[in-house]
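K.L.:
Structure provided below as structure tokens; questions to follow.
Just so you know, all these numbers are worked out from the coordinates, no wet-lab data involved. Model, not experiment: these values are computed from the prediction. In this analysis, Cβ positions are derived from the backbone assuming ideal geometry, glycine residues included, and neighbour counts consider all displayed protein chains.
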Amino acid sequence: MTVVVSMLRGVNLGPHNRIKMEALRTLYESLALRDVQTYIQSGNVVFRTTGRDLARISKRIEEAIKSSFGVQTDVLVRTTAELRAVVSANPFAGRNGIDPRKLLVDFLAREPGAEAREKLDAVHIEPEELRIHGREIYIYLANGMARPKLPLGLIDRTVRMPVTGRNWNTVTKLLEMAEAMEA
């Protein structure tokens, strides 16, 4: 069985798209996903599956959420190995002065095309830094997440695909949960 981490985009942010995690776990279980665990209220779910087509699983989850809760959301998935690679590829790891609480990872549905990469590489928002690696964008928000200089929605408009962000602590916790489930 494969252990998968799914991340819902835009749920439980403010008063809109509210989904209780207990109800979300029950929904995942109804889709024959096993050992379902959630982490915090922002739609992070770790589970086991015998399915191999992660795009199909993601689509089934999206459809079930819309049907059950009336919430239209994108569900981005990564296997434990893929999430481990995300952590390993952190371009800011080992660099002095980096506060992990100020690091954000944007997870993309697929790798951005050449044009989107060029546009993102051209973004200079000092003291913030942005690095693209595969299907992830690492963003270091030197002034903290509450006061970013990065224009809201810039990444979404540039890559034109589903994107959801998680802070570094959440990324590492999800990996910890997935590895524990694999053990």
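K.L.:
From the alpha carbon gyration tensor of region 33-103, can you work out the equivalent ellipsoid semi-axes (sqrt of 5 times each eigenvalue) and give them in Å, largest to smallest?
P.N.:
Taking √(5λ) for each eigenvalue gives 29, 16, 11 Å, largest first.
K.L.:
Going by C-beta contacts inside 10 Å, put L108, L83 in order with the fewest on the left.
P.N.:
Details: L108 20, L83 27.
Ranking L108, L83 by Cβ neighbours within 10 Å, fewest first, gives L108, L83.
K.L.:
Shifting gears a bit: Please report, to one decimal in angstroms, the Kirkwood hydrodynamic radius of region 87-167 built from all distinct Cα-Cα pairs.
P.N.:
Averaging 1/r across every pair of different Cα atoms and inverting gives 12.9 Å.
K.L.:
Right, something else. Using the Kirkwood radius built from alpha carbon pairs, what does the Stokes-Einstein equation give as D for the chain at 25 °C and 0.890 mPa s, in µm² per second?
P.N.:
The Stokes-Einstein estimate is 144 µm²/s.
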